[in-house]
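Computed from the coordinates by the stated procedures, all read-outs in this text should not be read as laboratory data. Remember, predicted model here, so these are calculated numbers, not experimental data. All Cβ positions, glycine included, derive from the backbone under ideal geometry; neighbour counts span all protein chains shown.
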Amino acid sequence: MDETEPLVTKQCANCKETKPISQFLRRTGRRSSAGSRRGACRACRKAKAAAAPSTVIAIQDQKAMRRKAQANKPRSVPPLPTVPLPNDPAALKTTRQGTIWMRGKTDKGRRWYQEIELELARTLVKEHAAVIVNRHTIRRLFSNKDFRHYVLERDNHACYFCGEFGDTIDHLLPRAKGGHTTPVNCVCACNACNQSKADQDLQSFIKNEEIVP
């Protein structure tokens, strides 16, 4: 007498019910075998997909409220290394070539020199990214690595926009719109907020986030 083929079943990872294998989607990819199936059944996956939009909207609303509160909060100037020389931007004078010398160090400690415009030099001094060496020269206070470490530690790795853990640096006024990499213009940000803000200024970003559907 011929024996009937037994029904192949699988336990759902979510509801823990044992169901026919046809109730589970096939896995895809190079490492998946021909008969491999996903852990959650079709019914559980549909229920999760139906509940997802309301959860996303609630999270977006919370982030928008935190961003608005953070934008209205006055920001204090962070503590910086002691500057032994007078640091008045008005004291800067251009060379005969009409530029200012800026010097600094790379992450590996190698010294570099660069000629920049007077307006940029005054901005860097005013926003605590450089100090005046003499009336024709300024010195950058941070290398790229040191600056990133300084901003993250200053902000306690908390995203300026949503308050979550952050490990990236974002410009409040984007460089595309005239902002510079200075302690005053840079804040800690999580990757999601950094990508979402892109080249928007602070007020535009907050306004657009509040009307997200």
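Listing for the model above:
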{"item": "Backbone HN-Hα couplings from phi across segment 87-92 [Karplus 6.51/-1.76/1.60, Hz, Gly and Pro as x]", "result": "10, 8, x, 5, 6, 6"}
{"item": "Ranked MET65, MET102, criterion: other C-beta atoms within 10 Å, fewest first", "result": "MET65, MET102"}
{"item": "Fewest-first sequence of ARG45, ARG96 by Cβ atoms within 10 Å of each Cβ", "result": "ARG96, ARG45"}
{"item": "Given charges at beta-carbon only (K, R positive; D, E negative), |dipole| of segment 83-140 in Debye", "result": "320 debye"}
{"item": "Ordering of 104-113, 135-144 by packing [mean C-beta count within 10 Å, highest first]", "result": "135-144, 104-113"}
{"item": "Segment 83-140 - convex hull of the alpha-carbon atoms, volume per residue in Å³", "result": "77 Å³"}
